[in-house]
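Engineer: Can you keep this structure in mind? I'll have questions shortly.
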Amino acid sequence: RNAQGASSHAGSGEEAIHFFSAGMHTELGHRLTVEAHLRRALERGELRLVYQPKVTIDEQAVVGFEALLRWTNPELGPVSPVQFIPVAERTGLIIPIGAWVLEEACRQIGEWSAVLGRPVKVAVNLSPRQFYQKSLLDTIRRCLAQYNLPDGSLELEITETALMSREKEVDVLMHDIRALGVDLAIDDFGTGYSSLAYLKRFPVSRLKVDRAFVRDLDRDEDSAAIALSIINLARGLKLKVVAEGVETQAQLDVLRGMACDEYQGFLFSRPLESDDVLPLLERGQLPG
Ligand code: C2E
Ligand code: MG
Ligand code: MG
Ligand code: MG
């Protein structure tokens, strides 16, 4: 009865939101609450980007950042992207939200590059629905032009699972994106089960080894074997390889031994608030 009542009130504003809150202990109630709040998150300015440094394995030199979306709602508090991105994807809200992410990342790239006098590179995550949306190329083109960004300053990360079907279409799309001067990375590599043949044809420049294989790298032979295969595969194809989720010196040491190129992870830095990025780039200074 609750769920019925809830859906009949959906979208009717504050009342509905309070009504949903009462049902939040149920799975459905929570999902609807997240969805109702997410619909207004953009216009209410509840979204922001944080930026995790990407550094070289050898010298821990910052080579760029990954933009990660954060949502803090007055009622729900901070909600993880692991929770709300799937909701955004399912409802189609990912299209306006994703366009905002692209625009905001490009604005920041423009601002930081102007202050530093050299290009700063930022990677943005694309969800499958965004990637296959017709308007994507126009959105990218508009953002690059608006902030006058040089080639190679924007990178897009697409998960391996998003690429598993529609191979022909993906190929065309990727070449169109590359033609705009945007680099491509395959995210969460090793978690899908697509054929490796596509790597040969897709114009990607980076592979990101999924955190699942990095976690047990120094303790589990199987994880280490998978990580090493991915790194060797990437090298053979002349792609850069980035390890995700590096938390310990021991993991970093193993990756260095495997000649991995770059990493991201709490060991170097958590994702940074935008205000903390320039101090890092100008003085090598991390917050706290
Ligand atoms: P992802 O793209 O694979 O991002 C990496 C995730 O690992 C991030 O989680 C990051 O905060 C986390 N991480 C980085 N270093 C470490 C570490 O050393 N240890 C651990 N335990 N975690 C680490 P986050 O920010 O919660 O994002 C989760 C996922 O949500 C992302 O996975 C991405 O798939 C998605 N996402 C985030 N922002 C966006 C966005 O703007 N658009 C889209 N479509 N998806 C996004
Ligand atoms: Mg990513
Ligand atoms: Mg990833
Ligand atoms: Mg991952």
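The values are calculated or read from the model by the stated rules, or taken from the named source; none is laboratory data. Please read all numbers here as calculations on a predicted model, not as lab measurements. Methodologically, a virtual Cβ is constructed for each residue, glycine included, from the backbone with ideal geometry; neighbour enumeration extends over all protein chains shown. All accessible areas refer to the heavy atoms of the entire protein, side chains included, with ligands and DNA or RNA removed. Shrake-Rupley method; radii C 1.70, N 1.55, O 1.52, S 1.80 Å.
Engineer: Take ALA212 and tell me if it is among the aliphatic types (A, V, I, L, M), more than 19 Å from VAL55 (Cβ to Cβ) and within 16 Å of ligand 3 (Cβ to nearest atom). Explain how you work it out, then say what you get.
Structural biologist: Numbers: among the aliphatic types (A, V, I, L, M): yes; more than 19 Å from VAL55 (Cβ to Cβ): yes; within 16 Å of ligand 3 (Cβ to nearest atom): yes.
Yes.
Engineer: Identify, please: which residue in segment 177-191 is more than 14 Å from ligand 2 (Cβ to nearest atom) and in a loop (DSSP other than H, G, I, E, B) and is, among those, farthest from ALA227 (Cα to Cα)? Spell out how you get there, then give the answer.
Structural biologist: Of all residues in segment 177-191, those more than 14 Å from ligand 2 (Cβ to nearest atom) come to 177-182.
After this cut, where a residue has to be in a loop (DSSP other than H, G, I, E, B) as well, the list is 180-182.
Values: LEU180: 31, GLY181: 29, VAL182: 26 Å.
Top of the filtered list is LEU180.
Engineer: Which of the residues that make up segment 107-126 are more than 11 Å from GLY152 (Cβ to Cβ), within 16 Å of ligand 2 (Cβ to nearest atom) and open to solvent by 20 Å² or more (accessible area, probe 1.4 Å)?
Structural biologist: Result: ASN125, single match.
Engineer: Restricting attention to segment 156-184, and to residues there that are of a type in the set (Asp, Glu) and more than 15 Å from the chain's Cα centre (by Cα), which single residue is nearest to ALA67 (Cα to Cα)?
Structural biologist: Taking segment 156-184 first, the residues of a type in the set (Asp, Glu) are 157, 160, 167, 169, 171, 176, 183.
In the following step, the residues that additionally are more than 15 Å from the chain's Cα centre (by Cα) were identified as 167, 169, 171, 176.
Working: GLU167: 27, GLU169: 26, ASP171: 24, ASP176: 22 Å.
This residue is ASP176.
Engineer: Test ARG219 against the stated conditions and say whether it is of a type in the set (Lys, Arg) and out of contact with any Lys or Arg (no Cβ under 7 Å at 6 or more places or on another chain). Don't jump to the end; show me each part of the working.
Structural biologist: Working: of a type in the set (Lys, Arg): yes; out of contact with any Lys or Arg (no Cβ under 7 Å at 6 or more places or on another chain): yes.
Yes: the conditions hold for ARG219.
For every residue, the table says whether it meets (1) at pLDDT below 95; (2) over 26 Å from VAL182 (Cβ atoms); (3) surrounded by fewer than 13 Cβ atoms within 10 Å (Cβ to Cβ).
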{"residue": "PHE20", "(1), (2), (3)": "yes, yes, no"}
{"residue": "GLU27", "(1), (2), (3)": "yes, yes, yes"}
{"residue": "PHE65", "(1), (2), (3)": "no, no, no"}
{"residue": "ASN73", "(1), (2), (3)": "no, yes, no"}
{"residue": "VAL79", "(1), (2), (3)": "no, yes, no"}
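Engineer: Assess whether ASP276 counts as being at negative phi and open to solvent by 30 Å² or more (accessible area, probe 1.4 Å).
Structural biologist: Working: at negative phi: yes; open to solvent by 30 Å² or more (accessible area, probe 1.4 Å): yes.
For ASP276, the condition - at negative phi and open to solvent by 30 Å² or more (accessible area, probe 1.4 Å) - is met.
Engineer: Among (1) surrounded by 14 or more Cβ atoms within 10 Å (Cβ to Cβ); (2) under 18 Å from VAL63 (Cβ atoms); (3) not hydrophobic (A, V, I, L, M, F, W, C), which single condition is ASP151 missing?
Structural biologist: Failed condition: (1).
Engineer: Still on this structure, I have one more. Does LEU156 satisfy the condition of being within 16 Å of ligand 4 (Cβ to nearest atom), surrounded by 14 or more Cβ atoms within 10 Å (Cβ to Cβ), aliphatic (A, V, I, L, M) and at pLDDT 95 or above? Can you show your working first?
Structural biologist: Numbers: within 16 Å of ligand 4 (Cβ to nearest atom): yes; surrounded by 14 or more Cβ atoms within 10 Å (Cβ to Cβ): yes; aliphatic (A, V, I, L, M): yes; at pLDDT 95 or above: yes.
When the stated conditions are applied, LEU156 passes them.
Engineer: Also: In segment 249-288, how many are more than 22 Å from ALA67 (Cβ to Cβ) and of a type in the set (S, T, N, Q)?
Structural biologist: Total satisfying the criteria: 2.
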